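I have placed the structure first, in the form of structure tokens, so that the comments after it can refer back to it.
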Amino acid sequence: MTIEITSEDQNIPATDGRWVDGTWATGTAGDNEVARPSSVPVSAITSESSKGFKIPSRVEWSIYGGLLLVALMMRLYELGDRAVHHDESLHGYFAYQIFTGAGYDHNPLMHGMFLFHSMAASFFFVGDSEFSMRLPMALFGTGLVLVPLILRHRLGQTGALIAAVLLVFSPSLLYYSRFARNDIFMVVFALALAGVMWRYIDEQKHRWLYIGAGLIALGFVTKETQYIVIGLLGLYLEIRVWREVRDWLYARRTLKEFSPEASFYLLLITLSLPLMAAGVAVFQGLFGLTLAAEDGLPGVVTGSPSGAGWYVAIGISAVFLAISLAIGWYWKRKVFLAAFAVFAFIFVLMFTNFGSNPAGVGSGAWQSLGYWLAQQDVARGNQPWYYYFMIGSVYEFLPFAVAGTALIYYGFKSGMRPWIFLVLIVAGTAVLADSSTSFEKGVVAGSEQDVLTYAGIFALFVVIASALATPFALKTSRFNQFLFFWTIGTFIAYTQAGEKMPWLLVNVALPAIILAAKVLNDIIMSIDWRKMWHSQGALALVGVPIFYLLLWKLAFEDLGTGSRQFASAWIILTVLGLLLLGLQILASRIGKPGALGIVGLATVAIMFGFTFRAGWIANYENSDIPREMLVYTQTSPDLHNLAKEIEQTAQLTGERSEIKLAIDTRDAYAWPWQWYLRRYTEVSWSDHTDEKILVSDDRVIAVINEHNATKTAENLPDGFSEGRRFVHRWWFPESYRDLTAKTFFETLFDRKLWAGSVDYFLYRKLANPIGTIDSYVYFSDEIPLVPSK
């Protein structure tokens, strides 16, 4: 049967395609938007060329099954063996309170409630342990592998598989799939929401709106980074449909006449707008009100209103909700009400703890964003603006390299506009680099810091606006433009956010991974593989690694002196020349794009090897050792082992959960002990800085902060052993903080200075010692056990 494309289907980007009777039809005319003649059979549109290849369906699903199994094994292996991080202990302890019935209500300090309910459910099914605490993240990290299937029609069959592979082995995604934080949940929800958006745009089926509503709600009940996700997707759609919005404002069209893109934009706006109300707190200084209390304001919870601010907050929230309901009512009434019901059900259920805490609706709707805004000036982590450039180059270099190369490629294809934006970006960056022009001293969060001047603010605006505009200047498909926009926008958003942490890298890396998968799919599908094989193109798989090895030797190895140096250099350059000649011969046989594509794929394969190695070392060798930048202020294995020793001691003494312990809480040392000692009922928690606080006679084990050890040891009851020192927590030596442009370029162009960076990248050798803060443990002689020394 032949299906005809009518005139209303014309002017569709050929590389974008569309759904026709349940089948995704794509054109072959290239990247530019061209009018397709009417009455074109779909069979002609979807006909296969000699380029690329198609994987049989059974093989494809077998690959997905294999990837799913590998992902699960990698995420479950030794899942409970790593020492519990400070943040993990907080999350695990309060989830344990829910599990035991003690309860826990929403506190924006620890983000949304989805994390705690998922962990409590894990405790219910498999018991409470370090393994079960991390199990929900491991399962979500495994399920993430299948999420690209939502975008399979856009990414391509091969592209979706590549995305799945990259998601399985991404070092940062793997690490935080094995870490009790909510960031891996957000990655799943963000990718699924982006996929659902495109499925609705392509299919225009209401079910995608309902699923989208659920994903929006799940994001908001998980973490405040959902505001960034919604902001970027909404901004992309706003740029696409602003003419429709303008026409609606001018009464030239009704909401019911909106395109699929504009309709999904309305879904994002109507469901999110009531939760944006706390955003007005950025203007609270102008009105002399407290709409979102700053951190440390006496008697007021951070992020919440105070005094008359409560009435304003309630009023603004009511107005925003009314606007949302009105827009939805005049858009698609039944569809909107169903979507709103899905959203509200999830939001209310999670934040009220299934109805036990009605006030959770208010704290979730206002204080979540309010707290996040109040924390921006605090800038937890105090990381430099280039933090994600640096940590990304260590772990996620593959997707960022592919995405960056693709941006340059399309830039050259797209005329002058992208380069105009590049000039503006460089000019704005140059202004920002001049600290005397762009910054001045100011008081932020109670301390003197550098703040932007008006010139600096304008320069920053130029840089951000130009960077976000660049994707729309590229001559490529709408979907590719979206992926570029999503990648650039996400990188900018997290770079500008006050808090920069290694676990946020997963959010930055996600769109780059999807973009890299699409780019690699396009390369693979552009190559005539049969012709390549008959032209001995497979030799490039050997030649490319040799080429890079010789370049490495030329750049880093000592070639000797005198005639030996000359001979070595001559041989290397000769072989490099022969390899380049081979590339030229291959290009003459299969075309320059095909030859370069083969070289690019071989390069990616090499980078994938380094990616796998980086992920393996970070997750299975240094998982709680801060030689890795992913390991942030980590609890040491010493403490983890001591917790096991205490458990063994409790069994040997017969006191079990009633063993009497003393924990010094100075410097927040109660964590992660609160988690490890959650079942023990006779634990004294005191700050031993106070001279009056002593270890009582009935205690059998005391754990004391190193700063209190000398005083405490002098006043211990009789019969205690000498203290044994151990590392409580340790952290990566952040010597990169003071990097300047001058230092960067000096390192870049001085080969002698490369050694440190190369040694860290390959061998995780540190130039500075790991930072530590320690404790002492004291055992009573009454214990029938000789503690290990």
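Can you go through 752, 765 and tell me which one is farther than 19 Å from residue 387 by Cβ, part of a loop (DSSP other than H, G, I, E, B) and at pLDDT below 95? Spell out how you get there, then give the answer.
Values: 752 fails: part of a loop (DSSP other than H, G, I, E, B).
Checking each option against the conditions leaves just 765.
Considering 320, 264, 283, which residue is surrounded by fewer than 14 Cβ atoms within 10 Å (Cβ to Cβ) and in a helix (DSSP H, G or I)?
None of the other options fit; the residue is 283.
Of all positions in segment 554-568, at least one carries a residue that is over 30 Å from residue 628 (Cα atoms), in contact with a helix residue (DSSP H, G or I) (Cβ under 9 Å, 6 or more places away or on another chain) and open to solvent by 30 Å² or more (accessible area, probe 1.4 Å). Taking every residue in segment 75-96 that is under 21 Å from residue 143 (Cα atoms) and pairing it with any residue that is open to solvent by less than 50 Å² (accessible area, probe 1.4 Å) and acidic (Asp, Glu), at least 6 positions away or on another chain, the pairs with Cβ-Cβ distances below 8 Å are 79/130; 80/130.
Please work out if residue 209 is open to solvent by 10 Å² or more (accessible area, probe 1.4 Å) and assigned to a helix (DSSP H, G or I). Walk me through how you get there before you give the answer.
Details: open to solvent by 10 Å² or more (accessible area, probe 1.4 Å): no; assigned to a helix (DSSP H, G or I): yes.
So residue 209 does not fit the description; no.
Given the condition assigned to a helix (DSSP H, G or I), open to solvent by 50 Å² or more (accessible area, probe 1.4 Å) and more than 26 Å from residue 358 (Cα to Cα), answer yes or no: does some residue in segment 94-117 qualify? No, the conditions are met nowhere in segment 94-117. Taken over segment 651-683, the criterion of being surrounded by 15 or more Cβ atoms within 10 Å (Cβ to Cβ) and among the hydroxyl-bearing types (Ser, Thr, Tyr) is satisfied by 653, 665, 669, 676, 680.
Which residues, taken from segment 58-85, are surrounded by fewer than 16 Cβ atoms within 10 Å (Cβ to Cβ) and either of a type in the set (Gly, Ala, Ser) or under 20 Å from residue 622 (Cα atoms) (or both)?
Of all residues in segment 58-85, those surrounded by fewer than 16 Cβ atoms within 10 Å (Cβ to Cβ) come to 58-59, 61-63, 65-66, 69-70, 73, 77-78, 80-81.
Result: 62, 65, 66, 73, 77, 78, 80, 81.
Restricting the search to segment 192-206, which residues are part of a helix (DSSP H, G or I) and not aliphatic (A, V, I, L, M)? Those that are part of a helix (DSSP H, G or I) and not aliphatic (A, V, I, L, M): 195, 198, 199, 200, 202, 203, 206. In segment 609-622 there is at least one residue matching the filter, namely being outside any helix (DSSP H, G or I) and open to solvent by 10 Å² or more (accessible area, probe 1.4 Å). Out of 242, 248, one residue alone is without any contact (Cβ under 8 Å) to a residue 24 or more places away in the chain, in contact with a Leu (Cβ under 9 Å, 6 or more places away or on another chain) and part of a helix (DSSP H, G or I). It is 248.
Criterion first (open to solvent by 60 Å² or more (accessible area, probe 1.4 Å), among the aliphatic types (A, V, I, L, M) and in contact (Cβ under 8 Å) with a residue 24 or more places away in the chain) does residue 739 satisfy it?
Working: open to solvent by 60 Å² or more (accessible area, probe 1.4 Å): yes; among the aliphatic types (A, V, I, L, M): yes; in contact (Cβ under 8 Å) with a residue 24 or more places away in the chain: yes.
So residue 739 fits the description; yes.
Consider segment 657-686 and keep the residues that are assigned to a loop (DSSP other than H, G, I, E, B) and of a type outside the set (Lys, Arg). The one that is nearest to residue 783 (Cα to Cα) is 659.
The values are calculated or read from the model by the stated rules, or taken from the named source; none is laboratory data. Bear in mind that the values here come from a model prediction, so they are computed numbers and not experimental data. Cβ coordinates were reconstructed from backbone atoms using ideal geometry, including for glycine residues, and neighbour counts include every protein chain displayed. Surface accessibility is based on the protein's heavy atoms, side chains included, excluding ligands, DNA and RNA. Shrake-Rupley method; radii C 1.70, N 1.55, O 1.52, S 1.80 Å.
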